[in-house]
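To start, the structure under review is shown below, and the notes come after it.
The values are calculated or read from the model by the stated rules, or taken from the named source; none is laboratory data. Worth saying up front: this structure is predicted, and the values here are computed from it rather than measured. Here the Cβ positions follow ideal geometry from the backbone for every residue, glycine too, while neighbour counts run over all protein chains shown.
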Amino acid sequence: MAVTRLNHAVLWVRDAEVTASFYVDNLGFHVAKAVPGAIFLQTHPNSLNDHDLGVFSIGSEAGPPTERRNVGMYHLAWEVETLRELIDIRTRLFDVGSLVGESSHGVSRSLYAKDPDGLEFEVLWAVPVDLLDPTVDDVTTAPLDLAGDVERFGLDLPARVTA
């Protein structure tokens, strides 16, 4: 048996309500279910998962996430359908002071941001497979050029479909 896709992620956070509001307000998630101390979010109403992201409160005394000092998760990556959506999310993340980086990885165009607890996440648009540049290494990291990408791909070209 082989794993076919990520079903959901669950995070320990200081305050589930604060974190859920961040994902709802800035990435367009919606609340699927809430119970005391935990909120379950979906990426969109047609999600096939009962939740795509769960956040569980552990209290304001929780320490900050580590960065390259201990083992642990580095980030989650959320995919959007079009460059238009990536640009809209970039603006929102920048406006709330959450955006910490952006890159072109050959196979994707990526934004990096941190949520209210400092947990890093990525939002990406995946280049359609038939439009990948065969001369670019798929693990490359180059500066993001959204204007050039919009000129090449347009604002509304759907991302590659993944299983």
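Could you list all residues from region 62-100 that are charged (D, E, K, R) and either modelled with pLDDT of 90 or more or part of a strand (DSSP E or B) (or both)?
First, the residues of region 62-100 that are charged (D, E, K, R): 67-69, 79, 81, 84-85, 88, 90, 92, 95.
79, 81, 84, 85, 88, 90, 92, 95 - these are the residues of region 62-100 that are charged (D, E, K, R) and either modelled with pLDDT of 90 or more or part of a strand (DSSP E or B) (or both).
Would you confirm, using the coordinates I've provided, whether residue 127 is buried (at least 17 other Cβ atoms within 10 Å of the Cβ), over 23 Å from residue 28 (Cα atoms) and within 20 Å of the chain's Cα centre (by Cα)?
Numbers: buried (at least 17 other Cβ atoms within 10 Å of the Cβ): yes; over 23 Å from residue 28 (Cα atoms): no; within 20 Å of the chain's Cα centre (by Cα): yes.
Considered against the rule, which asks whether it is buried (at least 17 other Cβ atoms within 10 Å of the Cβ), over 23 Å from residue 28 (Cα atoms) and within 20 Å of the chain's Cα centre (by Cα), residue 127 comes out as no.
Would you tally the residues in region 101-112 being in contact with an Asp or Glu (Cβ under 7 Å, 6 or more places away or on another chain) and either closer than 19 Å to residue 73 by Cα or part of a strand (DSSP E or B) (or both)?
5
Going through region 13-32 one residue at a time, which ones are touching a His at 6+ places or on another chain (Cβ under 9 Å), small (Gly, Ala, Ser) and at negative phi?
32
Taking the condition farther than 18 Å from residue 100 by Cβ, outside the structural domain of residue 124 (by TED's automatic domain parsing) and in a strand (DSSP E or B), does residue 24 pass?
Working: farther than 18 Å from residue 100 by Cβ: yes; outside the structural domain of residue 124 (by TED's automatic domain parsing): yes; in a strand (DSSP E or B): no.
No.
Criterion first (at pLDDT below 90 and of a type outside the set (S, T, N, Q)) does residue 48 satisfy it? Walk me through it before giving the result.
Numbers: at pLDDT below 90: yes; of a type outside the set (S, T, N, Q): yes.
When the stated conditions are applied, residue 48 passes them.
Return a yes/no flag: does region 100-108 have any residue that is more than 30 Å from residue 56 (Cα to Cα), more than 19 Å from the chain's Cα centre (by Cα) and not polar (S, T, N, Q).
no
Taking the stated definitions as given, is residue 115 outside the structural domain of residue 19 (by TED's automatic domain parsing), modelled with pLDDT of 95 or more, surrounded by 17 or more Cβ atoms within 10 Å (Cβ to Cβ) and of a type in the set (Asp, Glu)? Explain how you work it out, then say what you get.
On the way: outside the structural domain of residue 19 (by TED's automatic domain parsing): yes; modelled with pLDDT of 95 or more: yes; surrounded by 17 or more Cβ atoms within 10 Å (Cβ to Cβ): yes; of a type in the set (Asp, Glu): yes.
Here the answer is yes, as residue 115 does meet what is asked.
Out of 6, 48, 41, which single residue is closer than 20 Å to residue 116 by Cα and not assigned by TED's automatic domain parsing to the domain that holds residue 114? Full working, then the answer.
Values: 6 fails: closer than 20 Å to residue 116 by Cα; 48 fails: closer than 20 Å to residue 116 by Cα.
Residue meeting the stated conditions: 41.
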